[in-house]
Amino acid sequence: MAVFTPPFCAREHCLHHEPTTHAPYQAYRPWGFYHTKAFGTVPRYRCTACGKTFSRQTFSLDYYAKRILSYQDIVQRLSSCESLSAIGRALDSSTDTISNRISRAARQALALSSTFSSSLHPDEDLAADGFESFCRSQYFPNNITLLVGASSQYVYAADHVTLRRKGRMTKEQRKKRAKLEVRWKAEPGGIEHSFSRIADETLRVYAQGLRSPLTLWTDEHQSYANALTHSPHHAQLLESGFLRHRVVSSRAARTKGNPLFPVNYVDRELRKDLHEHVRETVCFGRNVNRQMERLSVYLLWHNTIKAHRAREGPRRNVQVASVTSEVDREGYKQLWVWRAWRSITELSDSMRETWERLRRTPLTQKRDYLPQYALM
Ligand SMILES: [Zn+2]
């Protein structure tokens, strides 16, 4: 391993708790070593400004891990429709260990996405639509709204909401739903609320991007139009013509010429690449937060690792979306080495809910466990 120098102090409220390039952190002293089986001798340090001690492992993506597994391998397998148990069998690990690494990878993915949200300057229209799946049981369907670049198919944002089961049901199924709803009930108006957060992300893309007016394509779902008109910011932008909302019938042919092609495409990819979303799978998600962690990892793979088109060279979706900034290849190498810090990562509401595991899985009472260091 190359010589390590602490990039900043590990204490959140220390004045040296932020990486800087112009004046590298120097206010620390070596503070001994400790030995580990997996990572060898680990150097410790002490901040001379605040007295906090920390080690090289504090900054490692494998902080508190006892075993080294390849993140690239896990991300590739997860995004190639392997179930958690299949990945576990292949890597001789338990599914808990694989889930643990996926959670870590998800936070890296969210941090990278956050970096892109301020460094990409896209020049493309957007399409948004809900991807329908479920978590825990078919009685708890969910809607994951995706905001996708029209020409890049880069996914700018994703938001999750659990919905009430609707549609055709037998008498028995209705009875069972009523019984379950005594214990847990989906919030009404979920789609509109979720879409309003996607609409906020649309504004961020508009502010950061080069396209004006910017067109947002959706289907004719009334909740979408409501969310846009109920927000004063959007209403004003729509009225002044800087933002345009265009709709297409969801029954229109799902061809490449359909303006909703970008979301239809991601929808199809998710359905075939992420095992829990395959129709009739027995490996469906059991926990909403874990499901969103896996989705975040998948979107990292979709956006930055797989080729934009299999027959069109090695360009990634993020490179197609990025007009002015080149994606830093060095950054990728570091992505699976040093962990992202919550304290210095700016997140949207949806990303924060994923990172901090704030969503509630239907029928569960307790909040999901999150290791303390993940909040650092
Ligand atoms: Zn300090």
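The values are calculated or read from the model by the stated rules, or taken from the named source; none is laboratory data. In this text, all values refer to a predicted model and were calculated from it rather than measured experimentally. Positions of Cβ are backbone-derived with ideal geometry, glycine not excepted, and every protein chain shown enters the neighbour counts. Calculation scope for accessible area: heavy atoms of the full protein, side chains included, ligands and nucleic acids excluded. Shrake-Rupley method; radii C 1.70, N 1.55, O 1.52, S 1.80 Å.
Figures for the structure shown
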item	result
For residue 63: the one exception among (1) within 12 Å of the ligand (Cβ to nearest atom); (2) open to solvent by less than 70 Å² (accessible area, probe 1.4 Å)	(1)
Every residue from region 237-281 that is out of contact with any helix residue (DSSP H, G or I) (no Cβ under 6 Å at 6 or more places or on another chain), in contact (Cβ under 8 Å) with a residue 24 or more places away in the chain, open to solvent by less than 40 Å² (accessible area, probe 1.4 Å) and farther than 27 Å from residue 297 by Cα	237, 241, 248, 249
Of all residues in region 17-48 being within 16 Å of the ligand (Cβ to nearest atom) and within 17 Å of residue 61 (Cα to Cα), the one that is modelled with the lowest pLDDT	19
Residue satisfying all of: in region 291-314; out of contact with any strand residue (DSSP E or B) (no Cβ under 8 Å at 6 or more places or on another chain) and outside any helix (DSSP H, G or I); least open to solvent (accessible area, probe 1.4 Å) among these	309
Scope region 197-230; condition hydroxyl-bearing (Ser, Thr, Tyr) and surrounded by fewer than 21 Cβ atoms within 10 Å (Cβ to Cβ); matching residues	206, 212, 215, 223, 229
Matching residues in region 66-76 - criterion: being of a type outside the set (A, V, I, L, M) and open to solvent by less than 40 Å² (accessible area, probe 1.4 Å)	71
Residue in region 2-14 that is touching a residue at least 12 places away in the same chain (Cβ under 8 Å), farther than 15 Å from residue 55 by Cα and away from the ligand (no atom under 12 Å from the Cβ) present	no
Subset tally (residues that are buried (at least 19 other Cβ atoms within 10 Å of the Cβ) and in contact (Cβ under 8 Å) with a residue 40 or more places away in the chain) for region 149-178	12
Count of region 121-139 residues which are among the hydrophobic types (A, V, I, L, M, F, W, C) and surrounded by 22 or more Cβ atoms within 10 Å (Cβ to Cβ)	4
Evaluation of residue 72 against (1) modelled with pLDDT of 95 or more; (2) closer than 21 Å to residue 338 by Cα (one fails), failing number	(1)
Test: residue in region 77-95 that is within 16 Å of the ligand (Cβ to nearest atom) and open to solvent by 40 Å² or more (accessible area, probe 1.4 Å)	no
Criterion (without any contact (Cβ under 8 Å) to a residue 24 or more places away in the chain and within 24 Å of residue 77 (Cβ to Cβ)) met by exactly one of 334, 291	334
Region 329-344: number of residues that are modelled with pLDDT under 95 and basic (Lys, Arg)	2
Pair list, Cβ < 6 Å and 6+ apart or interchain, from region 341-361 residues that are in contact (Cβ under 8 Å) with a residue 40 or more places away in the chain to residues that are surrounded by fewer than 17 Cβ atoms within 10 Å (Cβ to Cβ) and in a helix (DSSP H, G or I)	342/375
Residue 317, sole failed condition from (1) open to solvent by 20 Å² or more (accessible area, probe 1.4 Å); (2) more than 30 Å from residue 137 (Cα to Cα); (3) of a type outside the set (Asp, Glu)	(1)
